[in-house]
Structure formats: structure tokens, C-alpha cells
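Structure, as C-alpha cells:
The numbers here are math on the coordinates, done by the rules we state, and not lab data. Note that this is a predicted model, so its numbers are computed, not measured. Every residue, glycine among them, receives a Cβ derived from its backbone with ideal geometry; neighbour counts consider all protein chains shown.
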Amino acid sequence: MPQQDEQVEYISPPNRLKAKLGNRIGSFDAAAIARAEAAIASMSHQFAGWLDEELVKLEAAHKLVNADGAGEEELEDFYRRSHDLKGLGTTYGFPIVSQFAASLCKLIDSPEARAKAPKKILDAHVSAIVAAVKQGIHDSNHPIGKALLVELQSQVDLYASSA
């Protein structure tokens, strides 16, 4: 146990970022953020359609990956579609889709990983993403969504530890 009479000195280094950038750092514009949020909210009725389009693209890319003769190009397209959903799921009101897609992207984050990734784990991720959207499972608070997410992440971690 440390002694009570030890001296402690706190050193706070100066923040020189503002000096380096000069006056290029603008002030916080709460009104601009509010306008942006309102613009996104006004488009929210289109999110379901846009998400369905993204699912069609993912499923098509997945089908090509599973076809005979699939190569780097097909795997790269599949990765891009997965990565798109990683970013769009939450925006479109399905954060669990972003989480499933993040798990999938972790599995296939490099060309080497894409070439070696077990097809069954790829298939399971795509099925989970599609099922979540079709069944209206928006987040991991849903018991089925949570179970799927835990299992998919577990399988990715298990595969990564054995690779």
C-alpha cells in the first residue's frame, strides 16, 4: 500500500492544436446540427426502401461469392456491400444490422481473410442481417437478435483464434 506522504505532481501539457490551425476551427453551430437532423428525419420514411435495396445488393453479392469460380472481385464486392451495411444499418433504424455487418467485416477485413473465411459463417451473417430486417429486429435488446449477435461474434472470434 502506498504511503500517504508521497508527493504527486500533475502535469497538463499545453494544447497547441488551436494555435497550429489558427482560426480555422469554427464555432459550434447548434442550428446547423439541428437542420441536419431535421433533414435526416424528413427522409426517414424512405429508409425502409433504401435498406431493402441494400439487402438485395448484399444477397446478390453473397450469391456470387458462393458460385463456382468466385474470386477476388466477387469477394471484394461482397465485402463492400457488408461494409456499406455496417455504416447504414444504424442510420436506417437497425443498429443490429450494423453490428452483424461489423462482425462480418471483421471476418473478411483483408483480401487474404476473404479468401479463407468459412462460407458457413458468411452465410450465417447474411441470413442474420436479412432476418433482422424482415422480422423487424432493430437492436440487440431483442432476445433473438441478441442471441444471434453473440453467436456470430463468438464464431468469428473462434475462427480468428484458430487461423
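Taking label positions 7 Å along the Cα-Cβ direction at both residue 147 and residue 130, the computed distance is 2.0 nm, reported to one decimal.
Greater than 19 Å separation of Cα atoms is the criterion. Which listed pairs, 86/116; 57/116; 86/134; 106/134; 116/146, meet it? Over 19 Å apart, Cα to Cα: 86/116; 57/116; 106/134; 116/146. Couplings 3J(HN,Hα) for the stretch 133-149, derived from phi with the Karplus relation 6.51 cos²θ - 1.76 cosθ + 1.60 (θ = phi - 60°), are 5, 5, 9, x, 8, 7, 8, 7, 6, 6, x, 5, x, 5, 4, 4, 4 Hz, where x marks Gly and Pro. Under a 5 Å amide H cut-off, with hydrogens placed 1.01 Å from N, residue 139 pairs with 96 among residues at least 5 apart or on other chains.
A Förster distance of 41 Å, applied to the separation of the beta-carbon atoms of residue 56 and residue 36, puts the FRET efficiency at 0.90.
For residue 48 and residue 84, a Förster radius of 22 Å and the Cβ-Cβ distance give a FRET efficiency of 0.85, rounded to the nearest 0.05. May I ask which residue of 100, 83, 160 lies farthest towards the positive end of the charge dipole of the chain, with charges of +1 (Lys, Arg) and -1 (Asp, Glu) on Cβ and the Cα centre as origin? With unit charges placed on the Cβ atoms, the residue in question is 83. For the chain, the Cβ-based charge dipole about the Cα centre amounts to some 320 debye (Lys, Arg positive; Asp, Glu negative; other atoms uncharged).
Couplings for the stretch 70-86, taken from phi via the Karplus curve 6.51 cos²θ - 1.76 cosθ + 1.60 with θ = phi - 60°, read 5, x, 4, 4, 5, 5, 5, 5, 4, 4, 4, 5, 5, 5, 4, 5, 4 Hz in order; Gly and Pro are left as x.
Per-residue 3J(HN,Hα) values for the stretch 49-54, derived from phi via the Karplus relation 6.51 cos²θ - 1.76 cosθ + 1.60 with θ = phi - 60°, read x, 5, 5, 4, 4, 5 Hz in sequence order (x marks Gly and Pro).
Residue separation of residue 10 and residue 116 scaled by 0.36 nm, minus their Cα-Cα distance, works out to 33.2 nm of gained length.
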